[in-house]
Amino acid sequence: MGVVITPLPGAGTEIGGVDLAQPLSDEDFALIRNAYADHGVIFFRDQDITEEQHIAFARRWAPININRFLGAHPQFPEIAVLRKERDQTENIGGAWHTDQSYDHAPAMGSILVARELPPSGGNTLFASMYKAYEALSPAMKEKLAPLKAIHSAKRIFGKNALYNKERGDRIGNEDVAEQLEDSVHPVVITHPLSGKKALFVNIAYTTQIIGWSEADTSAFVGEMFVHCTQPQFVYEFEWRPGSIAFWDNRSTWHYAKNDYHGHRREMHRITLEGVPLTA
């Protein structure tokens, strides 16, 4: 049985017929890579991989990015541990965003492996920025084409950040966030793998459209938030034991639902190095 690619409504595709505990053939890897580039997020079911195999799969794609802010696995620094304990009320990633758009070369993608799941809840929603862009009017596409935006880590990871209340050892290095130079990216990018156009703003890290006022920027980002999270652009992934999600940070947003209070959830994430983005 070969690779089976099943496109999903809204965003992404499910990949079947592969065992990620084993090295992929060049042919199978090429098929999966093309599906990833075209759909923005790919999902695997019924996988049983070790941390070492998680790292080996990630390295097949790109160099691994060690996240500055998330707590790392004690034995494998390449792996960020995203967990919520039974007595915690805040989760990590509980709002629409894309990972590390604050970097000058935004992260290519993130590979998330389910390690401990609650009995129910904790699904992750993904939104396609390809489809969101395609649905814009010609006039809006023309308006956005020359625009650039500033992205900053300070809002989420800085001293006055969203997660300050319940950071614990899950998130740290707020001084690094304060000192990190903000990045500038096109509002509409040409995706480096697929060549498709995609929106590249997000409510978490986009702080300023260059040449616009703070009020106009906020109104625009809010408008794009409403547009990009319409149901026709979104897929809700239900986690099960053995599930893996691998999303492209340049062409999707994601949002981890926080609806499993009183239960523990632990996920292991590896993030991959990206490249500077162009319009």
Next item on the list: Tell me which residues come under 5 Å, amide H to amide H, from THR252 once H is placed; ignore anything under 5 positions away on its chain.
Entry: MET129
Note to self: Can you give the FRET efficiency to the nearest 0.05 for HIS261 and ILE66, using r as the Cβ-Cβ distance and R₀ = 41 Å?
What the structure shows: 0.85
Notebook entry, point to check: Where both partners of a DSSP beta bridge lie in the chain, what percent of those bridges are antiparallel, to the nearest 5?
Noted result: 95
Item checked: Pairwise Lys count, the chain - Cα closer than 27 Å, eight or more residues apart or different chains -> 21
Notebook entry, point to check: Under 5 Å between amide H atoms, partner at least 5 residues away or on a different chain: which partners does ASN65 have, H built in plane at 1.01 Å?
Noted result: THR271, LEU272, GLU273
Item checked: Highest average packing first - 46-52, 262-268, Cβ atoms within 10 Å -> 262-268, 46-52
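Based on the Kirkwood radius over alpha-carbon pairs, what value in µm²/s does the Stokes-Einstein equation return for the translational diffusion coefficient of segment 193-279 at 10 °C and 1.306 mPa s?
Estimated via Stokes-Einstein, D reaches 99 µm²/s.
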Item checked: Fluctuation leader among SER152, SER218, SER137 - the chain, Gaussian network, Cα springs under 10 angstrom -> SER137
Note to self: Suppose the chain between GLN75 and ARG59 were pulled fully straight at 0.36 nm per residue; how much longer would it get relative to their current alpha carbon spacing?
What the structure shows: 4.0 nm
Notebook entry, point to check: Which shape class applies to segment 4-272: rounded if a/c is under 1.5, otherwise prolate when a/b exceeds b/c and oblate if not, where a ≥ b ≥ c are the square roots of the Cα gyration tensor eigenvalues?
Noted result: oblate
Checklist line | Extended-chain gain in nm, criterion 0.36 nm per residue less alpha-carbon gap, SER120 and ARG45 | finding: 25.3 nm
Next item on the list: Would you tally the net charge around TRP61, using a Cβ to Cβ cut-off of less than 11 Å, leaving TRP61 out, and scoring K and R as +1, D and E as -1?
Entry: +1
Next item on the list: Set Lys and Arg Cβ to +1 and Asp and Glu Cβ to -1, take the dipole of the chain about its Cα centre, and tell me which of SER218, HIS104, LEU24 lies farthest positive.
Entry: SER218
Next item on the list: Compare the peptides 53-64, 139-150 by average per-residue count of other Cβ atoms within 10 angstrom and give them in order, highest first.
Entry: 53-64, 139-150
Notebook entry, point to check: By average Cβ neighbour count within 10 Å, what is the ranking of 190-196, 11-17 from highest down?
Noted result: 11-17, 190-196
Item checked: For the chain, calculated [θ]222 nm from helices alone, where every DSSP H run of n ≥ 4 adds -39500 (n - 2.57) -> -6500 deg cm²/dmol
Item checked: Chain lengthening between SER213 and VAL184 when straightened (0.36 nm per residue, less Cα-Cα) -> 8.8 nm
Check: How far apart, in nm, are two points set 7 Å out from the Cα along the Cα-to-Cβ line at GLN22 and at GLN230?
Finding: 4.4
Notebook entry, point to check: Say R0 is 30 Å: what FRET efficiency, to the nearest 0.05, do GLU142 and ALA30 get from their beta-carbon distance?
Noted result: 0.25
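Bear in mind that the values in this text are calculations on the coordinates, not laboratory data. Note that the structure is predicted; figures quoted are calculated from it, not measured. Ideal geometry is used to build each Cβ from the backbone, glycine not excepted, and the neighbour counts take in all protein chains shown.
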